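The values are calculated or read from the model by the stated rules, or taken from the named source; none is laboratory data. The structure displayed is predicted, hence computed values, not measured ones. Reconstructed Cβ throughout: ideal geometry from the backbone, glycine too, with neighbour counts over all protein chains shown. Surface accessibility is based on the protein's heavy atoms, side chains included, excluding ligands, DNA and RNA. Shrake-Rupley method; radii C 1.70, N 1.55, O 1.52, S 1.80 Å.
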Amino acid sequence: ATFNTIATTGFHGVLQDAIEMWRLLLVITVLLSVICEDVVREKHDFKSDVSKMLDIIIHSLYTNRNIFLREVISNGSDALDKIRFLYLTNPVDPKNQQGETPTMDIRIRADKESRTLTIADGGIGMTKEDLTNALGSLGSSGTKKFLEAMQDGQSDLNMIGQFGVGFYSVFLVADNVKVASKHDESDAQWVWESTADGTYELYEDPRGNTLGRGTELTLELKKDADEYLEADKLEEIVKQYSEFIHFPIYVQTSKTEQVPVEGKEDTEEAKEEGEEEEGEQEPKEEETKEVTTYDWKLVNENKPIWTRKPADIEKEEYHNFYKAISKEYDDPMYYTHFNAEGEVEFKSILYVPKKAPSNIFDTTASTMTNIRLYVRRVFITDEFKDLLPRYLNFIRGVVDSDDLPLNVSRELLQESRILKIIKKKLIRKALAMLKEIADADEGDKDEEAESDETETKEEAKEEAQAEPLYPKFWEQYGKNLRLGLIEDSTNRARLTKLLRYRTSKSGEELVSLEQYVDRMPEEQTNIFYLIDESLEKLKESPLLEQAAAQDVEVVYMTDAIDEYVVGHVTEFSGKKLVSLAKEGLKLKDESDKEKKVGEKRKQAWEPFTKWLKGVLGDKIEKATLSKRVTTSPCVLVSPQYGLTANMERIMKGQALADSSQTGQVAKRIMEINHRHPVVDELRRRVKENEDDQTAKDTATLMYEVAALRSGFQLEDTSSFADRMHKFMKVSLNLDGDAGLVEEEEYVVEDDSEDDGDEEEAGEEEEEDGDEEGEDAQEELTKDEL
């Protein structure tokens, strides 16, 4: 290469290439020296103040001091689960120094004199090393290590929870904590003691083996924690958080009574024998003294029935459990018990209360406390914002899972994908439960229709007495389901099947949209409905005249929320929902001949409809011929995509409604009945004279009456009253403009001359009255004497 370079570029070029090469070699040498140089690295440990860490754990993780008892009871339950599992293969019969066998329970007692609270369990206990590793290391979980150590029987280990730093919550209420524990593998009973100052003491218990097996926590309570010395307070906390722990939980209670003093009976008998001769003796009060007795009260009497199979649980047990968790006296209306499997597994019981609470739609409440969440039968929280949607906030129940994601303090449920899955499954199960209620009623009707001839009279009587359940449910919670149709688009199809309404043919019976569609005539293509304030107004509405004449069934809706429902549910089973209060109504398809006749009629009446529009002006959007009225002269309807009269009333009735907004005013279309005699006479008069004042007044009055009957509000009630008064005069053959009649004259005699005589007579009457009053008073006094 060099000779080739010399031949082509000369010696100068070779020199330049050599310089560049040496520069490249120098750079490579420096880089290699840096890469190959030994880097000196120093390793240091993080410096941590243990007392600061304890302070953070105690005062930052927990917001409720009552949590400490839940944590301690949970740890005790874990310890009992462990020893029960170990004793399945290697049973031991330990005893304490008094020869007593440890009990498989948790006992809580308070000592007001020493201001200590003691929680003891007969669980697996801890050795000296366990106390050091579990309580001397922050965040260590003995349960987790126990699970890792055991390889067999995984299904039995599901009952054992994992509680990390929960033990340190005891320092929320205690200045000093002693933990005495005895393990089967340890000959001695050891004590761990600390004041949460970053240090702890570990020593052999000077009392000896008082436990036999298990753990005993003794808390020296803080000055502001006296409430935890009361048995009632302890029972309240246990029932709230640990009511469904499998193992019995006892709280020591005390009772003070007055009892006779012993040793005084013989002395009293001797005195009585010596004093028999002295006659009758006065009874002496028995000498008594105050005696305090102690007893153990079982707190968690209610058992977690959701852990059992539904086939093994009686109906009465479900009802009693509902009363326990809801604090209600009535039995539930309905319930469902299920185990959710798949990606997330949990057990749940959901209830429908018999009556809806008065504040069911109270939006000021930030959380709902109807669903209680448990993790392995330990209560976590009942404050949820959206575990169940707002429209299902009446449902009560419990949810118990083994693997819910909790924060360190276990007070809050972390937002996660698992929570969304649980929410989705709960909603599906809740809606399935409501469908069961509806299906059960329909099944009862089918059974009644196809009753077996061999059925006994008693069975028939019992079934006859059984009332349908879904009408009661709809009466209490119908608004909730309709609210769900508006808010929950995912489950709108399921909720639509749960709707129930009365119709023009059902009487007092509630009908589903599915039943309505099933009995529709073949030529009917739509579901017709009408909304108003009450059934009475609906039945008298002129909008129903054509439907009644053609025997078309109409759905009656009487709740304000129904106006919003039909805006979200536009069809069902391929049939559109059509309002009778909107223009363009066609109950049945018209033939070609009927359509042509209608066009001809429209052209013939067009001058009159234009005249009506001119007379009424902005009060109506237009006037047209009607096909829906048969007996009334006219009716007012709304545009196809406008507000109805009922919707206008609802929007104006809202507390914060702005009446100045044009969007809250319903436009009006006047549909006239061309066969009505009043309308026919008006048309004749208008043909003769369009300026006929009587025709104008009659047309205006006809509009106002139609507005009232159709549910609209009148803009000018004073003018309406004046027109009605005028027509009253005309109906009595009086002039419509007739004024007031002349006042009649009445002859009255002048009695002013006799005023003096009347005054004298009046004075005499007063004197006589005073005398009569005095006489009556004297007589009354005599009677009293």
Neighbours of Y564 by Cβ distance under 15 Å: Lys/Arg at +1, Asp/Glu at -1, summed charge -1
Please give the charge dipole size of the range 511-629, origin at the Cα centre, charges +1 on K and R Cβ atoms and -1 on D and E Cβ atoms. Round to the nearest 20 debye. 840 debye
I'd like the accessible area for T253, computed on protein heavy atoms only with a 1.4 Å probe and all protein chains in place. Round to 10 Å², please. 40 Å²
On full extension of the chain, what length is gained from K582 through K323, given 0.36 nm per residue of separation minus the C-alpha to C-alpha distance? 88.3 nm
Gain in length, K472 to V259, computed as 0.36 nm per residue apart minus the alpha-carbon separation, to one decimal in nm? 71.0 nm
What is the distance, in nm, between label points placed 7 Å from the Cα along the Cα-to-Cβ direction at L535 and at E345? 5.0 nm
For A548 paired with E606, estimate the spin-label separation in nm (one decimal), with each label point 7 Å from Cα along the Cα-to-Cβ line. 3.5 nm
If I model a spin label at Q240 and D226 as a point 7 Å from the Cα along the Cα→Cβ vector, what separation in nanometres do I get? 2.0 nm
Which entries in K233/K289; K315/K423; K347/K472; K537/K582 show an alpha-carbon gap greater than 22 Å? K233/K289; K315/K423; K347/K472
Set the Förster distance to 51 Å, then compute FRET efficiency between R685 and T525 from the Cβ-Cβ distance, nearest 0.05. 0.80
Given the convex hull over the Cα atoms of the range 595-738, what projected area results after averaging over all orientations, in nm²? 10.2 nm²
